[in-house]
Amino acid sequence: MAKPLQLSCIGQISVTVHELGRAVAFYRDTLGMRLLFEVPPKMAFFDCGGLRLMLAVPEEPEFDHPSSILYYKVDDIQEVWEGLSEAGVDLRRPPHMLARMKDHELWMAFFRDSEGNMLALMSEVRAPQP
């Protein structure tokens with residue numbers, strides 16, 4: 001009997017870009033992510049808290065589409081939002097509470113990268129004590 005397949009660890013996420021230099025500058029300089037290495041003119045790789053983020057210029061039409069939304073977990077969503085605003089980032093939806101849990105509130109905010117891909121911030125804010 002074959003062992004059941006178990007996929008549980010994501011090692012890399014790819015984000016489609018059209019101008020690699022502009023995208024590298026955005027992720028490195030605006031978002032402050034650590035650039036691991038580049039394979040010009042098609043790819044660049046960043047460390048995202050142990051997960052590798054690949055920026056890739058699509059080589060075939062089937063890969064040329066907007067990315068899935070990446071949610072960056074942050075402690076202080078308001079502070080990060082203000083920093084993105086000061087950096088001139090294309091802000092879309094300001095921080096807002098999405099759900100109230102028993103012990104915390106889930107907050108989200110949305111913005112676009114230099115290539116038009118939607119990105120998000122998420123923060124688990126400790127619920128106010130009554």
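Before moving on, here are some points about what is shown:
- Between the alpha-carbon centres of the stretch 23-86 and the stretch 101-130 there is a gap of 18 Å.
- Amide N of the stretch 22-57 lying under 18 Å from the label point, which is placed 7 angstrom from the Cα of Asp75 along Cα→Cβ: 32-33, 49-50
- Among Val39, Val57, Val15, the largest mean-square fluctuation in a Gaussian network model of the chain (Cα springs under 10 Å) belongs to Val39.
- When the chain is treated as a Gaussian network with alpha carbon springs shorter than 10 Å, the biggest mean-square fluctuation among Leu53, Leu98, Leu119 belongs to Leu98.
- Restricting the calculation to Cα atoms, the stretch 10-62 shows an Rg/Rh of 0.95 when the hydrodynamic-style radius is the Kirkwood one.
- Mean separation of Cα contacts under 8 Å (6+ apart) over length of the stretch 1-73, as relative contact order %: 35
- Residues Ile69, Ile77, arranged from fewest to most other Cβ atoms within 10 angstrom of their Cβ, appear as Ile69, Ile77.
- Most fluctuating residue given options Ser114, Ser85, Ser67, as computed from a GNM of the chain linking Cα atoms under 10 Å: Ser85
- With a Förster radius of 35 Å applied to the beta-carbon distance between Lys3 and Ser68, the computed FRET efficiency rounds to 0.75.
- Listed from fewest to most Cβ neighbours within 10 Å, the set Phe46, Phe37 follows the order Phe37, Phe46.
- Estimated distance in nm for a label pair at Leu36 and Ala120, the labels positioned 7 Å out from Cα along Cα-to-Cβ: 2.4
- Residues of the stretch 94-130 with amide N under 20 Å of a point placed 7 Å along Cα→Cβ from Asp29: 112-117
- Surrounding net charge for Ala109, when Lys and Arg each add one and Asp and Glu each subtract one, Cβ distance under 10 Å: +2
- Calculated mean residue ellipticity, 222 nm, the chain: -3500 deg cm²/dmol, from DSSP H runs (n ≥ 4) at -39500 (n - 2.57) each, averaged per residue and rounded to 500.
- For the stretch 66-130, a simple Cβ point-charge model (Lys and Arg +1, Asp and Glu -1, everything else neutral) yields a dipole of about 340 debye relative to the Cα centre.
Throughout, read-outs are computed from the coordinates displayed, never taken from laboratory work. This structure is a prediction, so every number in the text was calculated from the model and none was measured. FYI the Cβ positions are ideal-geometry reconstructions off the backbone, even for glycines, and counts take in every protein chain you see.
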